[in-house]
Amino acid sequence: MEFHVYENARAACEAAGVLIAAQITRKGDSVLGLATGSTPIPAYEMLVSWYKRGVIDFDRVRTFNLDEYVGIDEKNPLSYHSFMEEHLFSKVNLRPENVHLPSGRSSLDGVAYDEAIRQAGGIDIQLLGIGRNGHIGFNEPAADFTYGTHVVTLTEDTIEANARFFNSADDVPRQAISMGIGNIMSARCVVLVATGESKANAVYRTIRGPITPEVPASILQLHPCCVILTDREAGKLMTD
Ligand code: F6R
């Protein structure tokens, strides 16, 4: 596990953009695992800017997003489909047929999503944020690690954290569909970005704590190619 601390949140996120851009440069048909949330926005801004300047080309790139809420329409501005459209898909030359997000409309959707990832040859680089409770994707603290894409019930902590995007916590969907820990661990390389003081404890427990499904990100200690990028606040408990 590699760990790098940056002066501020934007620099940490842009560093993740650098790693994704390098992946696309080395392999034009790379398979990217993508995340939503506040954290990765600067990384997407970097990728869009490099695309516009002709540095990277998304023509053959394939993408698979980590998760989506269950029960809200894809066209709803608060869906993760809409988020990705706004921050990346509408701004680069990704082909619509190469873009994938889980949908959770049927109980078989998770199996189909895992199969689509397999058919694409697996994920080359997986971008991750982290929840205050150590969740990755929407793999919440639990008694066991999950394997494939599955429907999850969100914890109160996650509902409260995501309420900022909705009118109130009552409007946050109670369920989501998420890639499992197995999908994430199968990616060839994982880049986790954490910013802000509220993530400091999760970062510490991810890197220094015991490997436990109570802190889902802690399993990344076993990943052969995992890079964790933080700003000073999120990295502040990692003192040596
Ligand atoms: C989003 C996702 C979540 C977020 C996490 C942090 O696709 O999988 O695990 O990465 O909840 O969210 P932010 O970045 O908004 O703090």
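Its alpha carbons give region 28-112 an Rg and a Dmax of 13.2, 42 Å. Starting from the amide H of Gln175, placed 1.01 Å from N in the peptide plane, find each other amide H under 5 Å away whose residue is 5 or more places distant or on another chain. For Gln175, the qualifying residues are Val70, Leu154.
Taken as entire DSSP H runs, the helices of the chain that both span 20 Å or more between Cα atoms along their own long axis and average 0.5 or more on the Kyte-Doolittle scale are 9-26.
Computed about the Cα centre, the dipole magnitude for the chain is approximately 660 debye when only Lys and Arg (+1) and Asp and Glu (-1) carry charge, each at its Cβ. Here the Karplus curve 6.51 cos²θ - 1.76 cosθ + 1.60, taken at θ = phi - 60°, turns the phi angles of region 184-198 into couplings of 5, 5, 7, 5, 5, 9, 10, 10, 9, 10, 9, 9, x, 4, 5 Hz, with x standing for Gly and Pro. Remark: relative contact order (region 2-239) = 25 percent; criterion is Cα-Cα distance under 8 angstrom and separation of 6 or more residues. The fraction of accessible area contributed by carbon and sulfur in region 2-239 is 52 percent, rounded to a whole number (1.4 Å probe; ligands and nucleic acids excluded).
For the chain, the Stokes-Einstein estimate of translational diffusion at 4 °C and a viscosity of 1.567 mPa s comes to 73 µm²/s, using the Kirkwood hydrodynamic radius over alpha-carbon pairs. The distance linking region 80-124 with region 203-225 is 26 Å (Cα centroid to Cα centroid, whole angstrom). What the phi angles of region 90-98 give under the Karplus curve with 6.51, -1.76 and 1.60, with θ = phi - 60°, is a coupling list of 6, 10, 10, 8, 5, 7, x, 6, 9 Hz, glycine and proline written as x.
Give me the accessible area per residue for region 2-239, probe 1.4 Å, as a whole number in Å². Numbers along the way, then the final one.
Values: 10510 Å² over 238 residues.
Heavy-atom SASA per residue in region 2-239 reads 44 Å².
Between Glu97 and Arg60, the distance separating the two model label sites (each 7 Å from Cα on the Cα→Cβ line) works out to 1.6 nm.
Ordering Met179, Leu154, Leu47 by the projection of their Cα atoms onto the charge dipole of the chain, which places +1 on the Cβ of Lys and Arg and -1 on the Cβ of Asp and Glu, puts Leu47 at the extreme positive end.
With a Cα cut-off of under 21 Å and a minimum spacing of 8 residues unless on different chains, the lysine pairs in the chain number 5. Less than 5 angstrom separates the built amide H of Val191 from those of Gln126, Leu127, Leu128, Val227, all sequence-distant by 5 or more or on a different chain.
Here the Karplus curve 6.51 cos²θ - 1.76 cosθ + 1.60, taken at θ = phi - 60°, turns the phi angles of region 219-227 into couplings of 5, 5, 4, 8, 7, x, 9, 10, 10 Hz, with x standing for Gly and Pro.
Where a ≥ b ≥ c are the square roots of the eigenvalues of the C-alpha gyration tensor, would you call region 185-239 rounded, which needs a/c under 1.5, or, failing that, prolate if a/b is larger than b/c, or oblate? It is oblate, given that a/c is not under 1.5 and a/b is not larger than b/c.
The values are calculated or read from the model by the stated rules, or taken from the named source; none is laboratory data. Note that this is a predicted model, so its numbers are computed, not measured. Reconstructed Cβ throughout: ideal geometry from the backbone, glycine too, with neighbour counts over all protein chains shown. To get the accessible areas, we keep the full protein, side chains included, count just its heavy atoms, and leave off ligands, DNA and RNA. Shrake-Rupley method; radii C 1.70, N 1.55, O 1.52, S 1.80 Å.
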